[in-house]
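Here is the structure we will look at.
The values are calculated or read from the model by the stated rules, or taken from the named source; none is laboratory data. Here the structure is a predicted model, which means the values were calculated and not measured. All Cβ positions, glycine included, derive from the backbone under ideal geometry; neighbour counts span all protein chains shown. What goes into the accessible areas is simple: the full protein's heavy atoms, side chains included, and nothing from ligands, DNA or RNA. Shrake-Rupley method; radii C 1.70, N 1.55, O 1.52, S 1.80 Å.
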Amino acid sequence: MADERRATVQWKGNDLHFDATLGSGYAFKMASPAGADAGGSPMEFLLAGVAGCTAVDVVHTLRKMRQPVDGVRVEIAGIRAAEHPKVYTDVTLRYVVQGSGVERKAVERAVALSQETYCSASKMFERAGVRMKTEIELT
């Protein structure tokens with residue numbers, strides 16, 4: 001059975017500012033171009049979605065591996081094409097994992113499982129031809 005998700009975006013009537021509401025009820029602002037008061041751009045939210053998706057997987061997997069993880073931060077940077085539709089062509093994901101005694105091999109496995117099996121958002125990027133680069137830092 002399909003897992004349907006929903007979101008609604010409403011133009012606020014000025015510039016290119018929008019109010020967005022997810023099916024869960026969470027609301028936020030979007031704008032183009034992005035601005036601190038106006039909200040993030042839709043393309044920034046795509047990056048955040050990929051980072052969030054893989055972060056959930058990595059934390060879940062490291063916990064299952066009984067790794068003493070205290071924190072996980074995923075930083076993502078994307079390069080867009082110069083011409084429209086200005087899709088992402090290259091993305092770098094940097095995983096910063098905190099925890100005394102966390103094994104690098106376990107983190108590498110958790111990241112690989114996320115990217116190869118579990119993270120549907122990064123899989124969508126990959127299938128669209130986005131070159132994905134991964135970096136791991138243990139602190």
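Side notes on the structure shown:
- Residue tally, condition touching a strand residue (DSSP E or B) at 6+ places or on another chain (Cβ under 8 Å) and closer than 12 Å to Ala55 by Cβ, over segment 78-114: 6
- Contact map, segment 19-32: first residue of a type outside the set (Ser, Thr, Tyr), second residue assigned to a strand (DSSP E or B) and open to solvent by 50 Å² or more (accessible area, probe 1.4 Å), Cβ cut-off under 6 Å, separation 6 or more or different chains; pairs are Asp19/Gln10; Ala20/Val9; Leu22/Ala7; Ala27/Thr21; Met30/Phe18.
- Applying the condition of being open to solvent by 100 Å² or more (accessible area, probe 1.4 Å) and among the aliphatic types (A, V, I, L, M) to segment 1-44 and asking which residue is nearest to Tyr88 (Cα to Cα) yields Ala36.
- Segment 58-86 - residue that is of a type in the set (Asp, Glu) and part of a loop (DSSP other than H, G, I, E, B) and, of those, farthest from Thr117 (Cα to Cα): Glu83
- Within segment 19-57, the residues that satisfy the criterion of being among the charged types (D, E, K, R) and either in a strand (DSSP E or B) or touching a Phe, Trp or Tyr at 6+ places or on another chain (Cβ under 9 Å) (or both) are Asp19, Lys29, Asp57.
- Within segment 73-86, if we keep just the residues that are open to solvent by less than 70 Å² (accessible area, probe 1.4 Å) and not charged (D, E, K, R), the residue that is farthest from Thr139 (Cα to Cα) turns out to be Ala81.
- Every residue from segment 87-136 that is in a strand (DSSP E or B), of a type in the set (Asp, Glu) and surrounded by fewer than 13 Cβ atoms within 10 Å (Cβ to Cβ): Glu135
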